[in-house]
1. So for the chain, taking the charge dipole from beta-carbon charges (+1 Lys/Arg, -1 Asp/Glu), which of 205, 282, 55 sits furthest toward the positive end?
2. Can you work out the accessible area per residue across the range 5-166, with the rest of the protein chains kept in place, probe 1.4 Å, in square angstrom?
3. Roughly speaking, to the nearest percent, how much of the chain's 1.4 Å accessible area is carbon and sulfur?
4. For the pair residue 119 and residue 46, what calculated FRET efficiency results from E = 1/(1 + (r/R0)^6), where r is the Cβ-Cβ distance and R0 = 35 Å, to the nearest 0.05?
5. Search the structure for amide H atoms under 5 Å from the amide H of residue 105, placed 1.01 Å from N in the peptide plane, and list their residues when 5 or more places away or on another chain.
6. With every protein chain left in place and a probe of 1.4 Å, what is the accessible surface of residue 78, to the nearest 10 Å²?
7. Pairs of alpha-carbon atoms within less than 8 angstrom and 6+ residues apart define the contacts here; what relative contact order does the range 8-162 have, in percent?
8. So what's the back-of-envelope 222 nm ellipticity for the chain, counting only DSSP H runs of four-plus at -39500 (n - 2.57) apiece and dividing by all residues, rounded to 500?
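The values are calculated or read from the model by the stated rules, or taken from the named source; none is laboratory data. As the structure is a prediction and not an experimental result, all values here were calculated from the model. Glycine also receives a Cβ, built like all others from the backbone with ideal geometry; neighbour counts cover every protein chain displayed. Surface accessibility is based on the protein's heavy atoms, side chains included, excluding ligands, DNA and RNA. Shrake-Rupley method; radii C 1.70, N 1.55, O 1.52, S 1.80 Å.
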Amino acid sequence: MNRYLLPFLLILVSFACKIDSKETRTKPLIVATTSILADGIKNIVQENADVVALMPAGVDPHLYKASVRDLDLLTNADLVVYHGLYLEGKMTEIFEKLALSQTLIDISQGLPKDDLIRSGPEAHSVDPHIWFDVKLWSKAMAYVSQEMIEWKPEWKSNLESNSTAYLAQLKELDDEVRTKVNELRTAGQVLVTAHDAFAYFGIAYQLEVKSLQGLSTLSEPGLRDLTELITIVQENKVKAIFAEQTISPKAIRAVAAGAAERNHQVNLAGPLYTDSLDAVGTPAGTYIGMVKTNLKIIYESLLL
Ligand code: ZN
């Protein structure tokens with residue numbers, strides 16, 4: 001993101017999110033860490049609560065550090081919901097402290113362990129990008145719905161019917177992704193992106209995926225990764241590679257330039273929405289919209 005734009009957006013968000021104190025508000029306030037999570041929760045609670053995303057649209061959750069204002073918002077909320085799996089890598093201690101006084105839901109706790117992609121034995125080696133497998137994200141949404149019913153039993157029938165309707169929309173979305181990706185696989189295409197966000201997508205929809213940076217954007221890609229990726233792009237005659245909205249396109253641009261030096265022209269497409277939604281009201285401003293927007297960009301860039 002443009003460095004002059006960010007402070008402006010933060011000021012804008014701080015006005016937009018001005019909150020009433022616990023005593024004076026008319027509805028409970030739910031704070032979700034990312035825009036992706038906040039959108040899912042909005043669909044389930046509907047008018048029962050106000051739902052606010054802690055991180056503004058376009059912000060990288062791996063690198064996000066909570067501000068003083070964020071801490072105020074989190075301690076003032078009636079419920080805090082987060083992804084877990086170290087997606088919010090710099091907020092782990094905050095969640096531990098909040099747990100002493102606050103109601104928290106860690107949605108990763110609701111996922112079957114076998115569904116998670118793990119690259120090593122350490123706790124932080126689990127891939128947090130679960131929303132790229134729509135079925136897995138549905139399980140997370142079903143879990144958060146159940147947990148919210150425990151928190152507000154009086155909302156039970158309403159939350160159950162909202163979540164049934166939302167899960168039906170997600171089922172339809174999953175079918176749509178599967179159909180389109182089947183075509184990409186048949187055409188022998190590989191999905192090459194800036195950071196490793198698409199592993200769940202690759203497994204769920206059976207498409208080969210490659211990326212330049214690891215699971216978190218905290219680590220920088222090396223020269224070896226770059227050379228390997230250029231070879232993959234060249235050998236598979238990949239038509240397009242993809243930038244991401246929360247990441248600088250510098251490194252992925254170097255892949256396109258490297259392929260061009262080897263006489264393979266590859267388009268730099270995107271950006272894809274990976275770890276954040278676009279602004280509210282835009283096509284990729286909801287989870288379903290984000291998945292559809294990404295699918296359209298990927299499909300059209302690799303196939304048409
Ligand atoms: Zn990520």
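1. Value computed over the given set: 282.
2. Ligands and nucleic acids excluded, the result is 48 Å² per residue.
3. Looking at the chain in its full context, I get 53 percent from C and S.
4. 0.40
5. Answer set, sorted by chain and number: 80, 81, 82.
6. 40 Å²
7. 21 percent
8. Using -39500 (n - 2.57) per qualifying helix, the result is -14500 deg cm²/dmol.
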